[in-house]
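Here the structure is laid out as structure tokens; the discussion comes afterwards.
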Amino acid sequence: MALIKKETVDQILAQADIVEVVSDFVSLKKKGQNMWAPCPFHNEKSPSFSVSPAKGIYKCFGCGKAGNSVQFIMDVEGTSYVEALKYLAKKFGIEIAEETTPEATKAQNDRDSQFILSDFAKNYYQDILFNHEQGKSIGLPYLQHRGLGLPLIKKFELGYSLEAWDGFTSKALAQGYQQKFLESTGLTIVKEDKKYDRFRARVMFPIHNVSGRVIGFGARTLKSNDKTPKYLNSPESEIYHKSDVLYGLFQAKNAIRGQDVCYLVEGYLDVLSLSQGGLENVVASSGTSLTEGQIKLIGRYTKNITVLYDGDAAGIKASLRGIDLILEGGLNVNVVTFPQGDDPDSYIRKVGDVAFKEYVEAHAQDFISFKTNLYARDAKDNPVKKAEAIREIVSSIAKIPDSIKRQVFLKQCSAIFGIDEEVLVAEFNKIYQQNRQQQQKQASNAAPSRPLTDEELAEAEAYAAESEAASEPDPEVDVLYHHEKEVIRLALTYPTHPLSEAEVFMLPYLLEQLDDTTFHTPVFQEIIDFSRQKMADGQYPTSDDFINHPRSEVRTAAINLMSQKYELSENWQSHQIFVPRETDQLQYAADTALLRLKRCNVQQMIKENMELLKNLTDMADIQSQLEILKTLKAYEDQFSEQLGTVVAR
């Protein structure tokens, strides 16, 4: 795996102007020192998405997304860290110098060759569709008959393959493409001395990765009596792994993020027909069983999935395992079924886009309710079937990570089947324990997994920020966290601001006062330790040190603390109304934050020592503990007095 040199990364970070990067995706308007826009990651009426040109960061005060230029590209495009860097390097004209080995260079060149060949194939099939007689007389009329307009056909880059044995292969070889890549991508089948096209006389559906690069193809025959399969897909290759790909995701990702829901269908034409009808947030599993990799892909953009099934009950039951995987992945699942004989493609063409949307809204139900009703209808008055149905439902509920959701669904299941909730809970506990034991056994017997590549590690690190942020303590509940956060905010925001006439600066003052203090929030302690190290090296840490920190938790915490939702209006001064700013009272702000943190730490120590006292029986130990408590109480009183706070006894 080739690595981008640190000097190149630093150059990209320095030149990737946050305003210029974000402006490619949203229209920013200046308000105060920052730029504002409606958030590109969720629906909103009032702009809560802020870009700070001075700090080089963005922050949405609605959904919480935050980061620098690289993180923005990762969020908006769904790319890896390395891909985002390459995107920015290309945009700002920076040549990427990579650290690599001959083996890694060859592997990367082979991958690039397959991408280039796949793109050539896409263009070739498109050209046949629009300019060749077979495409114009067979392929294009078929697509238009299915209700697809030219803009959509071009958006999804659809094409047509000739009814010829080697039409594409001979063209590609004539253009200088190597046979080994024609074979490795599956575009050409090689048997002994024969070479022929895999795809012949078919409508072509290019399959894109999340970055928009073509990695494979799906193809549909138009011959009604053809003995070959109706659909034919590219085989697995170095660039195409069907378990990690969703058809239409590249075109749908922004709509999925904006509407905060993903419609999941089965086939290519379902995606295209719904997109034509205005439902652009739709993807397909392309006829394969849903996988964990595909679920994680959707989870990058939304936690809500609505599965659109046709009316075939047998097909629905066959697909239920995939939905259990969605539940296990922590996503919310709704289900919509269509009348018998209809699928999403046929139904939207039958009733139109408006009626289709109304039908989906009216018939969507959460998956557990859907599954419960489905099995309840089958069971009817049969006690054996009813018991099996209940176990099936409870096994799905056991896959949900959220304990509150599990409890709600158990209550719903109890009401539908008319069985005591306690009985369901007992069955749930049994299944849940069996699942855990099975997972532990599988983990212990599993073969050692391959080590992650540097790119995969970087991507995992970058995407960890969101889950870390979600696990932060609630500041309303955790008072200590709140006070630690305020001290760190001052350290990050005003490190070199003077506090007094004696030229004492904020960061060294805070570090000196915190010399004997350990932060309970790990990321805050990491920020303090990093700052101490920089100061020990004779440098002040800059905002860029934290915004571009290699650890995503540090980046996220720093950006959140340095982002300000509100600014003091300049109109106050024009009306001769002078409002004190925080920068005018930094000594007071620093002292107050430190005293509150120290008092909170002492109060925490008092609680812990009170608990210890309860368990003591020896009088000498009790007396010693009381002395400790007396000293701690004196410190609490001292800090409270300095803060002007009355402590009730």
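Taken together, the values in this text are just the output of simple stated rules run on the coordinates, not laboratory data. Worth saying up front: this structure is predicted, and the values here are computed from it rather than measured. Backbone-built Cβ (ideal geometry, glycine too); neighbour counts: all protein chains shown.
Report the calculated FRET efficiency for residue 426 and residue 361 (r = Cβ-Cβ distance, R0 = 51 Å), to the nearest 0.05. In this case the efficiency is close to 0.85.
Among 196, 268, 125, the order by Cβ neighbours within 10 angstrom, fewest to most, reads 196, 268, 125. Fully extending the segment from residue 618 to residue 164 would add 153.9 nm, taking 0.36 nm per residue of separation and subtracting the current Cα-Cα distance.
Stretching the chain fully between residue 3 and residue 23 yields a gain of 4.4 nm (0.36 nm per residue, less the alpha carbon separation).
Each residue in 617, 496, 221 was given a count of other beta-carbon atoms within 10 angstrom of its own, and listing them fewest first yields 617, 496, 221. Give the residues of the stretch 387-401 whose amide nitrogen is closer than 16 Å to a point set 7 Å from the Cα of residue 303 in the direction of its Cβ. Only 400-401 fall inside the zone, counting backbone N under 16 Å.
As a calculated quantity, the FRET efficiency between residue 236 and residue 544 at R0 = 45 Å, using C-beta atoms, amounts to about 0.60. Here the Karplus curve 6.51 cos²θ - 1.76 cosθ + 1.60, taken at θ = phi - 60°, turns the phi angles of the stretch 7-17 into couplings of 4, 5, 4, 4, 5, 4, 4, 6, 8, 6, 4 Hz, with x standing for Gly and Pro.
Computed about its Cα centre, the charge dipole of the stretch 251-363 is approximately 340 debye, with only Lys, Arg, Asp and Glu carrying charge at their Cβ.
Would you mind getting me the FRET efficiency between residue 518 and residue 391? Use the beta-carbon distance for r and R0 = 51 Å, nearest 0.05. All intermediate terms of the calculation are to be shown ahead of the outcome.
Numbers: r = 49 Å, r/R0 = 0.97.
Between residue 518 and residue 391 the formula returns 0.55.
Considering the values [x] 30.4, 101; [y] 25.4, 92; [z] 48.4, 169, which represents Rg and Dmax of the Cα atoms in Å as calculated for the structure under consideration? The value computed from this structure is option [x].
Cβ crowding within 10 Å ranks 111, 202 as 111, 202, fewest other Cβ atoms first. The long axis of helix 249-259 is offset from the longest Cα principal axis of the chain by roughly 50 degrees. For the stretch 102-240, a simple Cβ point-charge model (Lys and Arg +1, Asp and Glu -1, everything else neutral) yields a dipole of about 520 debye relative to the Cα centre.
To the nearest 20 debye, what is the magnitude of the charge dipole of the chain about its Cα centre, counting +1 on the Cβ of each Lys and Arg and -1 on the Cβ of each Asp and Glu?
Once rounded to the nearest 20, the dipole reads 2400 debye.
Shape class of the stretch 251-363 from the Cα gyration tensor (axes a ≥ b ≥ c, square roots of the eigenvalues): oblate, since a/c reaches 1.5 or more and a/b does not exceed b/c. Within the shell defined by Cβ-Cβ distances under 13 Å, the residues around residue 624 carry a net charge of -2, with Lys and Arg each +1 and Asp and Glu each -1. Among the listed pairs 59/598; 29/55; 31/485; 86/154, a Cα-Cα separation exceeding 22 Å is found for 59/598; 31/485; 86/154.
Write down the percent of antiparallel bridges among all DSSP beta bridges whose residues are both part of the chain, to the nearest 5.
Bridges in the chain that DSSP calls antiparallel: roughly 75 percent.
Between residue 194 and residue 321, the distance separating the two model label sites (each 7 Å from Cα on the Cα→Cβ line) works out to 3.6 nm. In percent, rounded to a whole number, the relative contact order of the chain is 9, using alpha-carbon pairs under 8 Å and six or more apart. Pairs from the list 65/242; 5/155; 242/350; 350/411; 191/227; 136/227 with a Cα-Cα gap above 27 Å: 65/242; 5/155; 242/350; 350/411. Lys/Arg Cβ at +1, Asp/Glu Cβ at -1, dipole of the stretch 251-363 taken about the Cα centre: which of 254, 325, 354 is farthest positive-ward? Of the options given, the answer is 254.
Where in the stretch 338-357 does the label zone of residue 380 land, with the point 7 angstrom along Cα→C-beta and an amide N cut-off under 20 Å? Only 340 fall inside the zone, counting backbone N under 20 Å.
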